[in-house]
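Structure record follows, encoded as structure tokens.
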């Protein structure tokens, strides 16, 4: 599902690094699963969690019954969705039908001036539903849970991939206590998990195992770029990680 901050574009680069030492039966865990655009490219035991209840319910609908998604989601339906009692549809419409996958970020459009255009509504509705049906096949068997990272029960010796709200993203940096988050990552690494974090920067005891300059922001025509990085705690980093990028 389209979601702001999705790492779908870099999945092909960072997954080989994170999955390099995975063994049979080992769990892949994402405490900040977002639109499931990373976990849908992983096989085997998978656990995805998020604090957003409506997001998790939307993902469950995509996994279990994407046919429930309406063929046409109008701008009027989008505006009314925040009052829906159906959590799954509310979550899907408020996220998947939003510009850039930003929760309640405004109805998605490809071209300016198409507000109220039924053809745009048909196009965006079709794309969203087709994407959901396609993703459904790739998240079968994924366990989805509404929980914050601090309260998530994680199987022993899992691979944990975290894509938290970035500290330098001023609009969202207050959503979590970043110092507490990094302490949690340290504790999980010490407990025997493999912990990876997507961020722009990290504390000194976390090593950058991959980086790439990519376009940032919601505007696909923007020239603004940022350097995406993947970090791992120094205690788990092997020299051969670096050879992968």
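Across region 59-138, Cα pairs under 8 Å and at least six residues apart give a relative contact order of 39 percent. Calculated on C-alpha atoms, the gyration radius of region 90-202 divided by its Kirkwood radius gives an Rg/Rh of 1.07. Taking all Cα pairs closer than 8 Å and separated by 6 or more residues, the relative contact order of the chain comes to 21 percent.
Based on the convex hull around the alpha carbon atoms, region 59-138 presents an average projected area of 4.9 nm².
Based on DSSP H segments of at least four residues, each scored -39500 (n - 2.57), the chain has a per-residue ellipticity at 222 nm of -9000 deg cm²/dmol.
Suppose the chain between residue 22 and residue 118 were pulled fully straight at 0.36 nm per residue; how much longer would it get relative to their current alpha carbon spacing?
29.8 nm
With 0.36 nm allotted per residue and the present C-alpha distance subtracted, the residue 8-residue 153 stretch has 49.7 nm of extension available.
First check a/c for region 6-50, with a ≥ b ≥ c the square roots of the eigenvalues of its C-alpha gyration tensor; if it is under 1.5, answer rounded, and if not, answer prolate when a/b is larger than b/c or oblate otherwise.
On the way: a/c = 2.25, a/b = 1.16, b/c = 1.94.
Here region 6-50 falls in the oblate category.
Multiply the residue separation of residue 143 and residue 80 by 0.36 nm, subtract the distance between their alpha-carbon atoms, and state the gained length in nm to one decimal. Write out the running numbers ahead of the final one.
On the way: separation 63, 0.36 × 63 = 22.68 nm, distance 2.96 nm.
Extending this stretch completely gives an extra 19.7 nm.
Note on 102, 204, 7: ascending count of other Cβ atoms within 10 Å places them as 204, 102, 7, the fewest first. Counting every pair of alpha carbons in the chain, the share spaced more than 26 Å apart comes to 40 percent.
Nearest 5 percent is fine: what portion of the DSSP beta bridges confined to the chain is antiparallel? So the antiparallel bridges amount to about 50 percent of the total.
Since every read-out is calculated from the coordinates, none of them should be taken as a lab result. This is a predicted model, so every value here is computed, not measured. Note that each Cβ is placed from the backbone with ideal geometry, even for glycine, and that neighbours are counted across all protein chains shown.
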